[in-house]
Amino acid sequence: PGHRTTALVEVAAGGERQPVATAAEADVRWLSRGGRPPGTTTVLADALRDVALPDGRGQVWGGGEARAMRAVRDHLRDAYGLGRDAVQALGYWKHATTPDWD
């Protein structure tokens, strides 16, 4: 209670939307990748461009395919100037077409 949050949730299609019970002030945005395979779109990073972050200190957390999370991290740092202490976007897995990074 008392916390404002925006959740960007990527799903294969609109039918995967689920109710979210929370006491927080939550803006849940369901993002359909139109049936395309997970980890092959820029749906999350594209939607992030439309999110207006509130003033003051906050935290960003995300988890998903490695390349998608890298795009999210890069956007948060470049567009919003958020540092490593405020952003945790974790690449939990790699799609078969995701290159290995050094």
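The values are calculated or read from the model by the stated rules, or taken from the named source; none is laboratory data. Being a predicted model, the structure only gives us computed values, none of them experimental. Using ideal geometry, Cβ is built from the backbone for each residue, glycine included, and neighbour counts are taken over all protein chains shown. Heavy atoms of the whole protein, side chains included, go into the accessibility calculation; ligands, DNA and RNA do not. Shrake-Rupley method; radii C 1.70, N 1.55, O 1.52, S 1.80 Å.
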Requested in this report: Quick one: among R33, R70, R57, which has the greatest mean-square fluctuation in a GNM of the chain with alpha-carbon springs under 10 angstrom?
Outcome: R57
**Report entry** Electrostatic dipole magnitude of the chain [Cβ: Lys, Arg +1; Asp, Glu -1; Cα centre; debye, to 20]
**Finding:** 100 debye
Query raised in the report: When the accessible area of the chain is split by element with a 1.4 Å probe, what percent falls to carbon and sulfur?
Result: 50 percent
Report summary line: Per GNM of the chain with C-alpha springs under 10 angstrom, the most fluctuating residue out of P54, P19, P37 is P19
Report task. Show that you can apply the helix-only estimate: for the chain, add -39,500 (n - 2.57) for every DSSP H stretch of four or more residues, divide by all residues, and state [θ] at 222 nm to the nearest 500. Result -> -6000 deg cm²/dmol
Report summary line: Expected max-MSF residue from A79, A26, A68 in the GNM of the chain (alpha carbon, under 10 Å) is A79
Requested in this report: Using the Kirkwood radius over Cα pairs, work out the Stokes-Einstein diffusion coefficient for segment 1-68 at 20 °C and 1.002 mPa s, in µm²/s as a whole number.
Outcome: 161 µm²/s
Report summary line: Computed over the chain, protein heavy atoms only, probe 1.4 angstrom, the accessible area per residue in square angstrom equals 68 Å²
